[in-house]
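Data first, discussion second: the structure below is written as structure tokens.
The values are calculated or read from the model by the stated rules, or taken from the named source; none is laboratory data. Note that the structure is predicted; figures quoted are calculated from it, not measured. Backbone-built Cβ (ideal geometry, glycine too); neighbour counts: all protein chains shown. Protein only, heavy atoms only, side chains kept; ligands, DNA and RNA dropped before computing areas. Shrake-Rupley method; radii C 1.70, N 1.55, O 1.52, S 1.80 Å.
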Amino acid sequence: MDVATLTAHDCRDLLAGREVSAVELTRAYLDRIAQVDDVVQAYLAVDEAGALAAAAAVDAKPRDERLTWEGVPIGLKDILCVKGMETTCASRILKGYIPPYDATVIAKLRAAGLIFLGKLNMDEFAMGSSTENSAFKTTRNPWDPDRVPGGSSGGSAACVAAALAPWALGTDTGGSIRQPASLCGVVGLKPTYGAVSRYGLIAFASSLDQIGPLTHDVRDAAALLDLIAGRDPLDCTSTGLIEPAGPPEGDSLKGLRFGVIKEFTGEACDAGVRRTFDSAVKAIGTLGGVCEEVSLPSVERGIAAYYLIAPSEASSNLARFDGVRYGHRHAGSQDLNEMYVRTRSEGFGAEVKRRIMIGTHALSAGYYDAYYAQAQRTRTLIIQDFADAFDHFDFLISPTSPTVAFKIGERVADPLAMYCSDLCTIPVSLAALPAVSVPAGFSDGLPVGLQIIGPHFSERNLLSMAHAFEQHVQVGTVAPLRAGSAEVTP
Ligand code: GLN
């Protein structure tokens, strides 16, 4: 069977109608991975045996009508702990680490009967915007294999765009779901901070990290969010505040007010992105929404504040990787200190080391107030700017990324250029708001995403709005791929 055009809802319907068995569906995805993934390189590990066994177990028992998603396959970012499945965060330091437990989101998906196809590539410890910081491989953008898929959830976005799973989970700290979704032309949702449990998500910056869906359409994103959201006693920052997103409804935006964020449009973006964004604004107008420019002056300091706060938290979170408990350990050290130093020097890549050094410096006694505390004060101003804007608008919009997918290698030598990839997403994360990137069109054949931001815990309305927009613009989300000489049709 050809899985290339299937959404997760399609998979569910085929299974419910007994048109296909869970094993047949899983096998079809595994076949497509075998056919296409040497071009895309989305997966770090494919669990063929585990996936087929789980699918066979689904087929072997009577179908439970309450388990709507039973038998539907999914791809998982390699930052999520899955019991018994190697979890590396794309880092040498975690090579060989097999978690003894499931992350809460994984336990929920397991209980719902989803089939785990494997672990997806990412920037090491989710630090990056191109997936080039993976210690193991570079994932390619399915729309143009010479270009990056974005990051850090680049494997997850490329996986969906290349139909190597009907949907995938990613994580977003400063843009890592939305930016790759935009660059690969799929839907990516970062939930409100606290909507989804972080238990079992290997921590990068704990005050920012959130898990969320990457999908072909908004309906799938809403369904996957409903599967993973909710209060979890194992994560005290999780809340039960979010209403089930339910199936998004409606095709009108009548009466809704949209603020176009001035600082993220105009000069900040490439001309092609701006053009596509301008037509998205027109489409919103056609659907009855009212768009008006709004200025959020503090967001221009978002990148500066984020690159102090996130590395500070990372420098503390990554202290646990010292060769004692997890993964890699340097062999042959003479004493404990040498073992720590050598393990960490060998185990971490350059970007991770850079962040640990920035964070350690920003938190050190003499500099704390000038750097870390100042960044936190800036974060408060950003939160306030968004709160003020939501007094006047129902949603805020911007391009998700200031550029389309860039060439592999183009930004690796220039960390600042790489950091600027997240200009439009980072301030939203600092304010803990939910935001979705929805395909809005193409510039020179490469996808452009529209970022829609809502007030805290407004996922239900946000996804309904995004659904109306998506139905109107009708942008294809599966890349036409060539494997060898044979065309693999979308
Ligand atoms: N690109 C940003 C960074 O490198 C965001 C990453 C993320 O959201 N995990 O930190």
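With q set to 0.07, 0.12 Å⁻¹, the log10 of I(q)/I(0) for the chain, from the Debye formula over equal scatterers at the Cα positions, is -0.33, -1.01. For the stretch 209-234 versus the stretch 389-468, the inter-centroid distance based on Cα atoms is 17 Å. Taken one residue at a time, the phi angles of the stretch 262-272 give Karplus couplings (6.51, -1.76, 1.60, θ = phi - 60°) of 4, 5, 9, 10, x, 4, 5, 10, 4, 4, x Hz. Gly and Pro are set to x. Rolling a 1.4 Å probe over the heavy atoms of the protein chains gives the chain an accessible area of 36 Å² per residue. Carbon-plus-sulfur accessible fraction, the chain (probe radius 1.4 Å, protein heavy atoms only): 52%.
Cross-link partners of Lys190 among lysines, defined as those whose alpha carbon lies under 30 angstrom from its own and excluding same-chain residues fewer than eight positions apart: Lys77, Lys83, Lys95, Lys108, Lys119, Lys137, Lys254, Lys262, Lys282, Lys353, Lys407. Amide H contacts of Ser130 (H built 1.01 Å from N, in plane; Pro and chain starts excluded): Gly151 sit under 5 Å, all sequence-distant by 5 or more or on other chains.
For the stretch 137-153, backbone phi angles converted through the Karplus equation (6.51, -1.76, 1.60; θ = phi - 60°) give residue-by-residue couplings of 6, 9, 7, 10, 6, x, 7, 6, x, 7, 10, 6, x, x, x, 7, 7 Hz, Gly and Pro being listed as x. Sparse packing (at most 14 other Cβ atoms within 10 Å of the Cβ) combined with a DSSP loop state is found for the following GluC sites (Glu not before Pro) in the stretch 16-101: Glu19, Glu65. Label separation (Ala49 vs Leu381): 5.7 nm, computed from points 7 Å beyond Cα along the C-beta direction.
Rounded to whole Å, the principal axis extents of the Cα atoms in the stretch 129-193 read 33, 25, 17, largest first. Backbone amide hydrogens, once placed in the peptide plane, bring Lys77 within less than 5 Å of Leu120, Leu169, excluding anything fewer than 5 places away on its chain.
Quick one: if the Förster radius is 60 Å, what FRET efficiency do Glu19 and Ala413 give, using the C-beta to C-beta distance and rounding to 0.05? Efficiency computed from Cβ-Cβ geometry: 0.75.
A Förster radius of 45 Å combined with the Cβ-Cβ distance from Ser345 to Ala111 puts the calculated FRET efficiency at roughly 0.65. Amide H contacts of Ser401 (H built 1.01 Å from N, in plane; Pro and chain starts excluded): Gly449 sit under 5 Å, all sequence-distant by 5 or more or on other chains.
For the stretch 312-368, the list of chymotrypsin sites (Phe, Trp or Tyr not before Pro) that fall in a loop by DSSP and count at most 16 other C-beta atoms within 10 angstrom reads Tyr367, Tyr368. For the pair the stretch 276-346 and the stretch 77-95, the centres of their Cα atoms are 18 angstrom apart. Phi-derived couplings, Karplus 6.51 cos²θ - 1.76 cosθ + 1.60 at θ = phi - 60°, listed residue by residue for the stretch 91-98: 10, 5, 5, 9, 3, x, 6, 10 Hz, with x used for Gly and Pro. Of all stretches in the chain that contain no trypsin sites (Lys or Arg not before Pro) in a DSSP loop with at most 12 other Cβ atoms within 10 Å, the longest one is 67-253. Two decimals is fine: what is log10 I(q)/I(0) at q = 0.13, 0.17, 0.18 Å⁻¹ for the stretch 1-158, from a Debye sum with one equal scatterer on every Cα and no solvent? Each listed q corresponds, in turn, to -0.61, -1.00, -1.09.
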